[in-house]
Amino acid sequence: MRKPALLLAALTGAAMFVATALPVVAQDKPVVGLITKTEGNPFFVKMREGAQEKADELGLDLRTAAGKFDGDNDSQVAAIENLISAGAIGFAIVPSDSSAIVPTIQQARDAGLLVIVLDTPLDPIDAADATFATDNRKAGRLIGEWAAGTLGDDAANAKIAFLDLAVNQPTVDYLRDQGFMEGFGIDVKDPNRYGDEDDPRICGHEMTAGSEEGGRSAMETLLQKCPDINVVYAINEPAAAGGYEALKAIGKDDGSVLFVAVDGGCPGVENVRDGVIGATSQQYPLLMASMALEAILKFSETGEKPQTTEGLDFFDTGATLITDNPVDGVDSIDTTEGLELCWG
């Protein structure tokens, strides 16, 4: 087993945040921004907390904003425009629509702001100055390899439900989904878009908006098509929890269905410990947010932009498989250690 080389303890802590960008006022501190997809997802809550703690440490005036729902591009456009008007030196963003937000990102860069994308790369990825993210394809691959290894010979006859994110398939959505399929041994057709596979083990893809309610509804729909589902991939842990509730409602919470997900929040790791989720790939939002603010301040002072991880076109903030049922050949840590590193 390996341990992630991330010193996250220094990044923990709670802070208050505002949900929308503030109006323009005279400021002694440099203005920076953090724009997330939604307000309620624990991943983004923790990201805001980490950003606020780092902003306080660095003497920055942090303005935060979020979409009204996952996929709300218009609210993110308005937030960027507010930051430009406020004279911000830069901002970090988790884009709801990886392509539609690009023209507004370019407006901000043209105005001299440093733009760092977190978690969900733009399409194209170089439309931002830098990207700090989990290697989402790797995160998906880890849970796919684990699921295939856990099932052994039975993987050949699996019936797999996909609880995906959104119809527009932002990068984080297809990267995790495609990574899972690659890890499980499914022939991926277009590596940048799911839904064109012809593997008979796939029961279908349904959208969840990354929420528990969406996960439950998506699972109910998939069960109508494929009542013998025995493997569930979920875009994140809230969607997985909702899918599990749908199975529980029909008495299929007996361990006969294998769940995997991505995130590594504390509730998700607890669900792994309790047997609701078999394995999850943990990512580190506190690290993403704090590094982004450090990079924005450094750019404003020196003009130096962040570097990428060697061999990648983004900076990899890490992904670690968490399970209490390890599989040979797939690196993982257990839930005891996962709970020490979790967030939310």
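The values are calculated or read from the model by the stated rules, or taken from the named source; none is laboratory data. It should be emphasised that the depicted structure is a prediction, and the values quoted were computed from it without experimental measurement. Ideal geometry is used to build each Cβ from the backbone, glycine not excepted, and the neighbour counts take in all protein chains shown. Remember, those area values only see protein heavy atoms, side chains included, never the ligands or the DNA or RNA. Shrake-Rupley method; radii C 1.70, N 1.55, O 1.52, S 1.80 Å.
Please give me the summed charge of the neighbours of Asp198: other residues whose Cβ is under 13 Å from its Cβ, Lys and Arg +1, Asp and Glu -1. Charge balance near Asp198 sits at -3. The fraction of accessible area contributed by carbon and sulfur in region 67-171 is 46 percent, rounded to a whole number (1.4 Å probe; ligands and nucleic acids excluded). Using a probe of 1.4 Å, the accessible surface attributed to Lys189 totals some 80 Å² when neighbouring protein chains are kept in position. Mean projected area of the Cα convex hull of region 214-344, taken over all directions, amounts to 10.3 nm². Rounded to the nearest whole Hz, the Karplus-based 3J(HN,Hα) values (6.51 cos²θ - 1.76 cosθ + 1.60, θ = phi - 60°) of region 83-94 follow the sequence 5, 4, 5, 7, x, 5, 8, x, 7, 10, 9, 9, with x at glycine and proline. Legend: residues Ile143, Ile89, sorted from most to least accessible area (1.4 Å probe; ligands, DNA and RNA excluded), read Ile89, Ile143. Judged by a Cβ-Cβ distance under 4.7 Å, the chain has no unpaired cysteines; every Cys finds a partner. Legend: residues Leu341, Leu60, sorted from most to least accessible area (1.4 Å probe; ligands, DNA and RNA excluded), read Leu341, Leu60.
Across region 125-139, rounded Karplus estimates of 3J(HN,Hα) from the backbone phi angles (6.51 cos²θ - 1.76 cosθ + 1.60, θ = phi - 60°) give 5, 7, 6, 9, 6, 6, 10, 10, 7, 5, 6, 5, 5, 5, 4 Hz, Gly and Pro being marked x. Over the heavy atoms of Cys342, what accessible area does a 1.4 Å probe trace out, to the nearest 10 Å²? For Cys342, solvent-accessible area is about 20 Å².
A Cβ-based charge dipole, computed about the Cα centre of region 70-188 with Lys and Arg at +1 and Asp and Glu at -1, lands at about 200 debye.
Counting only DSSP H runs of at least 4 residues, each contributing -39500 (n - 2.57), and dividing by the residue count of the chain, the helix-based mean residue ellipticity at 222 nm comes to -12000 deg cm²/dmol. Ratio of Rg to Rh for region 72-189: 1.12 [Cα atoms; Kirkwood radius as inverse mean 1/r over pairs]. Between Cys226 and Thr309, the FRET efficiency estimated from the beta carbon spacing at R0 = 35 angstrom works out to 0.35.
Whole angstrom only: what separates the Cα centroid of region 318-344 from the Cα centroid of region 140-178? If we compute the Cα centre of each part, the gap is 18 Å. Work out the length of the dipole vector of the chain about its Cα centre, built from +1 on the beta-carbon of each Lys and Arg and -1 on the beta-carbon of each Asp and Glu, and round it to the nearest 20 debye. The calculated dipole for the chain is roughly 460 debye. Relative to its residue count, region 27-96 spans a Cα convex hull of 68 Å³ per residue. Note on region 167-220: Rg/Rh from Cα positions, Kirkwood definition for Rh, rounded to two decimals, is 0.96.
For the chain, the orientation-averaged shadow of the C-alpha convex hull comes to 16.2 nm² (one quarter of the hull surface).
Name all residues of region 255-271 having a backbone nitrogen under 20 Å from the label point set 7 Å from the Cα of Asp331 along its Cα→Cβ direction, giving them as ranges. Those under the cut-off are 261-265.
Taking every C-alpha pair closer than 8 Å and separated by at least 6 residues, the mean separation divided by the residue count of region 82-175 gives a relative contact order of 27 percent. Counting only heavy atoms of the protein chains and using a 1.4 Å probe, Ile80 has close to 0 Å² of accessible surface. Among Asn157, Leu341, Gln107, whose Cα sits farthest toward the positive end of the charge dipole of the chain (+1 at Cβ of Lys/Arg, -1 at Cβ of Asp/Glu, about the Cα centre)? So the residue furthest toward the plus end is Gln107. Please compare each pair in Lys189/Lys252; Lys68/Lys305; Lys37/Lys305; Lys225/Lys248 to a cut-off of 21 Å on the Cα-Cα distance and tell me which ones are over it. Check vs 21 Å cut-off fails for Lys189/Lys252; Lys68/Lys305; Lys37/Lys305. Each Cα pair of region 97-161 feeds into the Kirkwood radius, which the Stokes-Einstein equation turns, at 37 °C and 0.692 mPa s, into a diffusion coefficient of 229 µm²/s.
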